[in-house]
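The values are calculated or read from the model by the stated rules, or taken from the named source; none is laboratory data. Predicted model only: the values in this text are computed from it and were never measured. We place every Cβ from the backbone using ideal geometry, glycine too, and count neighbours over all the protein chains shown.
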Amino acid sequence: MRVFSSLVIAFSTYSRLPMPRVDWTDANRRYALCFFPLIGLAVGGILALWLWVCDLLALNAFLRGAIGAAIPLLVTGGIHMDGLMDTSDALASWQPREKRLEILKDHHVGAFAVLVCAGYLLVMAGLLSECGLGDAVSLTACFLLSRAASAALSVSLKQARPGGMLEGFARTAAGRAVLICAALYGFCGVFAVCARSPWGLLMPAALGAVTVWYIHMARKNFGGVTGDLAGWFLQMAELCMIAAVVLGGKLL
């Protein structure tokens, strides 16, 4: 029952998919991050359904990409995009660490956040406009791997701010179980892509590059990670991996 409650809490927190009500106790949250990557499967499944409709009806590339880019936002409620925008504002401020952490908590939206969000969605839409149903497995693996890596990093890295949502999940999480699950998800995702084509190795390579930069950026500018920074990482990891999938398939 506790494991089921953790599953429900994971989907209730990081998606807008309807879930039954459970008690949000520390015990029930213990394995929530273990199930976080499964939301990526839901995003990938819905995106695959949309690509199938596009192929079936021969819809134009613009509509394919525009709706495709909106699907992750609709499934997640934009929680990770919010983190990308807040982090972009904080980084662009060039303020001391304490001020940057305050900007992350500020509910106002700055110009840099809007510019980054608009640019991100344009690039994502452009990439997805090149995809069809045959790319669904690779795209789903991107959404799975980004969340698996995010969960692992959340319980492994220093928290920059006590009392935040991510700190609460990381503090109560069964760290070893989260890392084991993340490794299993990662193996399945990479295998699914690489079994289809050798260029699939570009996807984990892109994830590795974003991960290294994320750790450096978080430590240098914020002294650790927060929920907003985790959102930044997840969005950037997905964008770079999808770019690797799309561009790698055309170059190799």
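Among the residues of the range 81-99, those identified as part of a helix (DSSP H, G or I) and closer than 18 Å to Trp213 by Cα are Gly83, Leu84, Met85, Asp86, Thr87, Ser88, Asp89, Ala90, Leu91, Ala92, Arg97.
Can you tell me which residues in the range 4-18 are part of a loop (DSSP other than H, G, I, E, B) and over 25 Å from Ala237 (Cβ atoms)?
Pro18
Can you tell which of Ala170, Ala244 is within 17 Å of the chain's Cα centre (by Cα) and either more than 30 Å from Val114 (Cβ to Cβ) or modelled with pLDDT of 85 or more (or both)? When all the criteria are applied, what remains is Ala244.
Somewhere in the range 10-18, is a residue within 25 Å of Ala183 (Cβ to Cβ), crowded, with 19+ Cβ neighbours inside 10 Å, free of Cβ contacts under 8 Å to residues at least 60 places away in the same chain and among the aliphatic types (A, V, I, L, M)? Among the residues of the range 10-18, at least one is within 25 Å of Ala183 (Cβ to Cβ), crowded, with 19+ Cβ neighbours inside 10 Å, free of Cβ contacts under 8 Å to residues at least 60 places away in the same chain and among the aliphatic types (A, V, I, L, M), which makes the answer yes.
Once the range 19-54 is narrowed to residues that are surrounded by fewer than 13 Cβ atoms within 10 Å (Cβ to Cβ) and charged (D, E, K, R), the residue that is modelled with the lowest pLDDT is Asp26.
Considering Val123, Val109, the condition of being surrounded by fewer than 22 Cβ atoms within 10 Å (Cβ to Cβ), hydrophobic (A, V, I, L, M, F, W, C) and in a loop (DSSP other than H, G, I, E, B) is satisfied by Val109 alone.
Glu130 meets each of the listed conditions (1) modelled with pLDDT of 90 or more; (2) within 18 Å of the chain's Cα centre (by Cα); (3) charged (D, E, K, R) apart from (2). Within the range 74-85, does at least one residue satisfy the condition of being out of contact with any Leu (no Cβ under 9 Å at 6 or more places or on another chain), β-branched (Val, Ile, Thr) and surrounded by fewer than 20 Cβ atoms within 10 Å (Cβ to Cβ)? Yes; the residues of the range 74-85 include at least one that is out of contact with any Leu (no Cβ under 9 Å at 6 or more places or on another chain), β-branched (Val, Ile, Thr) and surrounded by fewer than 20 Cβ atoms within 10 Å (Cβ to Cβ).
Filtering the range 37-61 to residues that are in contact with a helix residue (DSSP H, G or I) (Cβ under 8 Å, 6 or more places away or on another chain), more than 23 Å from Ser6 (Cα to Cα) and part of a helix (DSSP H, G or I) leaves Leu47, Ala48, Trp50, Leu51, Trp52, Cys54, Asp55. Do the conditions hold for Thr211, that is, is it crowded, with 16+ Cβ neighbours inside 10 Å, within 23 Å of Pro72 (Cα to Cα) and at pLDDT below 90? The answer is no for Thr211. If you go through the range 189-208 and keep only what is at pLDDT 90 or above and over 15 Å from the mean Cα position of the chain (by Cα), you end up with just Ala205.
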